[in-house]
Amino acid sequence: MILNQAIELIQNFQGKSLTDSLSVIESSIVGYDAGQLNVFYGDRAINDVLMTSAVSIKQLASQINVVIHAAGILLSLPKILEPGEVIQSLSLGAGNTGRKFDLETNIRIAEYKFIDWKGGPESIRQNGVFKDFFELAEYKTEKRKILYVVGTTHTLKFLQGGRALSSVLQKQPEILARIQQTYGEGVSKTRDYYGLKKHDVEISDVTSLIGRTSEI
């Protein structure tokens, strides 16, 4: 099905307000028999095509974060590559698809996080940011290490904050063990580890590089 047609069918079904449209349908069909329902459905285009349209859009939407990740990296590349810098490895899909980092060139390694920060408790997003920061910080290389984010405010606030590493790394116990073995159990909060490694990894705002003026 053509996407434009699917979107149009969904828009027609929901009207100006999906809640209001559903309320009208609920009250309208009370007392209807099967024949009356068929007439009502025909008038409102409630049919298999509507269902197929909704499923198609849901399937497309489930991949939108991957599209944002890939498009964001690709748009940034011409603007960040320095004279003489060439791409050696690139990972555009979900995860690193067997590659260590999202981007590796002859002078830098980088991870990208296109996060829709809301400013409240966002433990899952924070966990992902810390893992990427850790992997960049601990990687043995003379290349520049950069974590690209959409707006640095929330990322730095988290890394400089007091969230316990035991919480951040609850699902990454091997990373917690490495930190404790290498730096001691006194490194127990995000700010402790960030303080040790903040000069090793650059936190860079990618916003202007992807044609945006605000956070996603």
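None of the figures in this text is laboratory data; all of them are computed from the coordinates on show. All of these numbers come straight from a predicted model, not from anything done at the bench. Cβ placement follows ideal geometry from the backbone for every residue including glycine, while neighbour counts extend to all protein chains displayed.
For the chain, a Gaussian network of Cα nodes joined below 10 Å ranks 57, 73, 115 by mean-square fluctuation, and the top entry is 57.
If you build the convex hull over the alpha carbons only and average its shadow over all orientations, what do you get for segment 3-61? Give it in nm² to one decimal.
Values: hull surface 17.3 nm².
Mean projected area for segment 3-61: 4.3 nm², to one decimal.
In whole Å, how far is the Cα centre of segment 1-56 from that of segment 106-165? So the separation of the two Cα centres works out to 44 Å.
Please work out whether segment 1-134 counts as rounded, prolate or oblate from its C-alpha gyration tensor, where a ≥ b ≥ c are the square roots of the eigenvalues and a/c under 1.5 means rounded, while otherwise a/b larger than b/c means prolate and anything else oblate? Mind showing how you got there, number by number?
On the way: a/c = 3.99, a/b = 2.70, b/c = 1.48.
Prolate is the answer for segment 1-134, as a/c is 1.5 or above and a/b outweighs b/c.
Report the convex hull volume per residue for segment 64-210, counting only C-alpha atoms, in Å³. Spell out each step's value before the answer.
Values: hull volume 16.7 nm³, N = 147.
So the per-residue hull volume is 113 Å³.
Using C-alpha pairs under 8 Å with a sequence gap of at least 6, the mean separation divided by the residue count of the chain gives a relative contact order of 17 percent. Using Cβ contacts closer than 10 Å as the measure, can you line up 154, 199 from fewest to most? By the 10 Å Cβ count, ascending: 199, 154.
Could you please report the charge total around residue 175, scoring K, R as +1 and D, E as -1 over all other residues with beta-carbon less than 10 angstrom from its beta-carbon? Present the calculation step by step, with values, prior to reporting the outcome.
Numbers: positive: 131, 171, 178; negative: 135, 138, 174.
Net local charge, residue 175 excluded: 0.
Hey, which of these cross-link pairs are over 19 Å Cα-Cα: 157/197; 131/197; 113/198; 140/197? Check vs 19 Å cut-off fails for no pair.
The length gained on full extension between residue 177 and residue 116, counted as 0.36 nm times the residue separation minus their Cα-Cα distance, comes to 19.0 nm.
Show that you can apply the helix-only estimate: for the chain, add -39,500 (n - 2.57) for every DSSP H stretch of four or more residues, divide by all residues, and state [θ] at 222 nm to the nearest 500.
Details: 10 runs with 111 residues, N = 216.
Helix contribution divided over all residues of the chain: -15500 deg cm²/dmol.
Annotation: amide H-H contacts under 5 Å for residue 105 (H modelled 1.01 Å from N, sequence separation of 5 or more, or interchain): 88.
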